[in-house]
Amino acid sequence: MTISRHAQVEAHPDIPFFMKPSWLEVVCPGEWDIHTVEEKGQLIGVLPVRVRNKWGFHIATTPYLTPHSGPWHRGPEARIGLIRSLTDYDYSHLTLDDRQKDPLPWMPDFNLTLQPTFILECATPEQVAVQMQKKLRQQLRQAEGRFTRILLDPQRFTGLVEQSFRHQQSTMPFTMDLLERVANYLERHRCGGLWGAVNEDGALITGALYYEDQHTLYTVLSGQDYRLNPHLSHKWLHQELLKYGISKGKRIHFMGSKIPGIAYWNSYFGAEISNYYQVKRIRNRIVRNVSRFVPASLISR
């Protein structure tokens, strides 16, 4: 019996869940593909993408809520094979994992840029406390006993996220339906969830979406109620996530580092700067001309 390449990816124990078909069908249902490279019938390279036909053009972008979509590979030949598989798209715009330390070789017409993120390689709570900035340690002491952690439902979390995007004067790109599918997946597979911080009056102030793979806990998305001054609760909740990750021996990957101010805020926890590799390629001349006047976010959406 021949096993399909998607089934092979789904069953592979070393490939993170957010690169597998079951996850892709949650975050971009019916709009995804997985590029693979095989050697002697064995997978040696995997790269998931969101694919669409937009304005008559074939477009590949990073799947929603997965700003670290691989590639997973074993050896430079697999990497080269995955890169070559992207050349059929009219427009490619992908964000690759920070652990892809050697992104070369790339095809000559790929544009490669770096986007910052922060990684906290943690061993014990004491070591992390030493790495934290003094101001943050003082704020966390102020937060002690003032908040309680709860499990959030998607509807309440969506409300917080909407507030945060409005506060940043932007539009939330996610629907509650998407966040609900993600939350259900994480609960079903026991690999993440939605946490909230409530104050002494029981008012919800801050929420966070996280998930974890074999080695890393990712803080993917957060939201705050700005009417209730979420300054301390936001830091307190991320401290709770950090402690949870440490207890499981995992590193912490802080997301959202492209938002002004958040990158600096993440560094307060002692995290070290790393980089995503953002790869862009425009094969079609018409798309290239359009991209000069249309934001990349609109093309990728």
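Only the coordinates and a few stated rules stand behind these numbers; no lab work does. Not measured: the values here are computed from a predicted model. Positions of Cβ are generated from backbone atoms using ideal geometry, with glycine treated the same way; all protein chains shown enter the neighbour counts.
DSSP beta bridges in segment 119-274, what fraction antiparallel, as a percent rounded to 5?
Taking every DSSP beta bridge within segment 119-274, about 85 percent pair in antiparallel fashion.
For segment 239-250, take each phi angle, set θ = phi - 60°, evaluate the Karplus expression 6.51 cos²θ - 1.76 cosθ + 1.60, and give the result in whole Hz per residue in order, putting x for glycine and proline.
Result, rounded to whole Hz: 5, 4, 5, 4, 4, 5, x, 4, 4, 9, x, 10.
So what J values fall out for segment 173-189 if you push phi through Karplus, 6.51 cos²θ - 1.76 cosθ + 1.60 with θ = phi - 60°, rounded to Hz, Gly and Pro as x?
Once rounded to whole Hz, the list reads x, 10, 9, 5, 4, 5, 5, 5, 4, 5, 4, 5, 5, 4, 5, 5, 9.
Determine ³J(HN,Hα), in whole Hz, for all residues of segment 226-234 in sequence, where each value follows from phi through the Karplus function 6.51 cos²θ - 1.76 cosθ + 1.60 and θ = phi - 60°; x replaces Gly and Pro.
Calculated HN-Hα couplings, in order: 6, 6, 10, 6, x, 3, 7, 5, 4 Hz.
Around Ile34, with a cut-off of 10 angstrom between Cβ atoms, what is the net charge of the other residues, counting Lys and Arg +1 and Asp and Glu -1? Please report the intermediate quantities before stating the final value.
Details: positive: Arg5, Lys20; negative: Glu10, Asp33.
Charge balance in the 10 Å sphere: 0.
Send over the semi-axes of segment 210-249's equivalent ellipsoid, whole angstrom and largest first, taken as the square roots of 5 times the C-alpha gyration tensor eigenvalues.
In descending order the semi-axes read 24, 11, 4 Å.
Using only Cα atoms, figure out Rg for the chain and give it as a multiple of 2.2 N^0.38 Å.
Numbers: Rg = 20.0 Å, N = 301, 2.2 N^0.38 = 19.2 Å.
Expressed relative to 2.2 N^0.38 Å, the Cα Rg reads 1.04.
Restricting attention to segment 133-199, which trypsin sites (Lys or Arg not before Pro) occupy a DSSP loop and are surrounded by at most 16 other Cβ atoms within 10 Å?
In loop regions of segment 133-199 (DSSP not H, G, I, E or B), the sparsely surrounded trypsin sites (Lys or Arg not before Pro) are Arg146, Arg190.
State to the nearest 20 debye the size of the charge dipole of the chain about its Cα centre, where the only charges are +1 on K and R beta carbons and -1 on D and E beta carbons.
Value, rounded to 20: 680 debye.
Please enumerate, by chain and number, the lysines with C-alpha under 29 Å from the C-alpha of Lys20, excluding those fewer than 8 residues away in the same chain.
Lys20 reaches Lys40, Lys54, Lys101, Lys243, Lys248, Lys250, Lys258, Lys280.
Taking H as built 1.01 Å from N, whose amide H comes closer than 5 Å to the amide H of Cys191, not counting residues under 5 places away?
Close amide H contacts, sequence-distant or interchain: none at all.
Near Gln155, within a Cβ-to-Cβ distance under 12 Å, what is the net charge of the other residues, with Lys and Arg +1 and Asp and Glu -1?
That works out to -3.
Taking the convex hull of the Cα atoms, report for segment 1-56 its projected area averaged over all directions, in nm².
4.8 nm²
Would you list the P(r) distribution for segment 119-274, with all Cα-Cα distances sorted into 5 Å bins from 0 and each bin expressed as a whole %?
Histogram of Cα-Cα distances, whole percents per bin: 2, 9, 18, 23, 23, 16, 8, 2, 0.
Note down the net charge around Val198, summing +1 for each Lys or Arg and -1 for each Asp or Glu among other residues with Cβ under 11 Å from its Cβ.
Spelling it out: positives minus negatives among the neighbours equals 0.
For the chain, what's the relative contact order in percent, using C-alpha pairs closer than 8 Å and at least 6 residues apart?
Relative contact order of the chain: 22 percent.
Starting from segment 1-104, pick out the trypsin sites (Lys or Arg not before Pro) whose DSSP state is loop and whose Cβ has at most 11 other Cβ atoms within 10 Å.
Those satisfying the criteria are Lys40, Lys101.
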